[in-house]
1. Looking at 109, 102, which one is over 16 Å from residue 40 (Cα atoms) and in a strand (DSSP E or B)?
2. Among the numbered conditions (1) touching a strand residue (DSSP E or B) at 6+ places or on another chain (Cβ under 8 Å); (2) part of a loop (DSSP other than H, G, I, E, B); (3) within 22 Å of residue 22 (Cα to Cα), tell me where residue 95 comes up short.
3. Here are some residues: 63, 3, 75. Which one is under 22 Å from residue 132 (Cβ atoms), modelled with pLDDT under 95 and either crowded, with 20+ Cβ neighbours inside 10 Å or more than 16 Å from the chain's Cα centre (by Cα) (or both)?
4. Quick check on the stretch 21-33. Is at least one of its residues touching a helix residue (DSSP H, G or I) at 6+ places or on another chain (Cβ under 6 Å), within 22 Å of residue 137 (Cβ to Cβ) and assigned to a helix (DSSP H, G or I)?
5. Mind counting the residues in the stretch 2-20 that are touching a helix residue (DSSP H, G or I) at 6+ places or on another chain (Cβ under 9 Å), free of Cβ contacts under 8 Å to residues at least 60 places away in the same chain and farther than 15 Å from residue 103 by Cβ?
6. Which is under 21 Å from residue 21 (Cβ atoms), touching a helix residue (DSSP H, G or I) at 6+ places or on another chain (Cβ under 9 Å), surrounded by fewer than 17 Cβ atoms within 10 Å (Cβ to Cβ) and modelled with pLDDT of 95 or more, of 46, 102?
7. Restricting to the stretch 29-47, count the residues that are under 21 Å from residue 94 (Cβ atoms) and without any contact (Cβ under 8 Å) to a residue 40 or more places away in the chain.
């Protein structure tokens, strides 16, 4: 994790958020990078994450995207603010059967109430496998 551009309070918040998401641990999500306004999450493909046709389940990809975008959002929120997903639109572009997926999320706009984040998911060879646009609301 890149600590440049973060206060110690923000770094603690990011570390704590990663530790306190049992679902992320369950499916194997890993935070690879975070910087102000952006994050990269990784997920190794396992049999348990595949659907009946042998490709990664769309729900696993959605979870990867939702978590990556959440960390991009956390990286720009003041310590006293929280946010939650209100909309997530995903376009699945190609099936994945093996390797590692990486979701790259970037805050596109952080307004007073809403935060819009885009994400791209790529496979090991760098091929784009999914794109997403999500909106968070400050709570």
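1. Details: 102 fails: over 16 Å from residue 40 (Cα atoms).
After ruling out the rest, the residue left standing is 109.
2. (3)
3. Sole residue among the options that is under 22 Å from residue 132 (Cβ atoms), modelled with pLDDT under 95 and either crowded, with 20+ Cβ neighbours inside 10 Å or more than 16 Å from the chain's Cα centre (by Cα) (or both): 75.
4. yes
5. Looking only at the stretch 2-20, we keep the residues that are touching a helix residue (DSSP H, G or I) at 6+ places or on another chain (Cβ under 9 Å), and these are 3, 6, 10, 13-14, 17-19.
Those left that are additionally free of Cβ contacts under 8 Å to residues at least 60 places away in the same chain: 3, 17-19.
Among the residues that remain, those that are also farther than 15 Å from residue 103 by Cβ are: 3, 17, 19.
Going through the stretch 2-20 one residue at a time, the tally reaches 3.
6. Working: 102 fails: surrounded by fewer than 17 Cβ atoms within 10 Å (Cβ to Cβ).
Of the residues listed, the single one that is under 21 Å from residue 21 (Cβ atoms), touching a helix residue (DSSP H, G or I) at 6+ places or on another chain (Cβ under 9 Å), surrounded by fewer than 17 Cβ atoms within 10 Å (Cβ to Cβ) and modelled with pLDDT of 95 or more is 46.
7. So the count comes out to 3.
The values are calculated or read from the model by the stated rules, or taken from the named source; none is laboratory data. A quick note: this is a predicted structure, and the numbers were derived from the prediction, not measured. For neighbour counting, all protein chains shown are included, and Cβ atoms are generated from backbone atoms with ideal geometry for every residue, glycine included.
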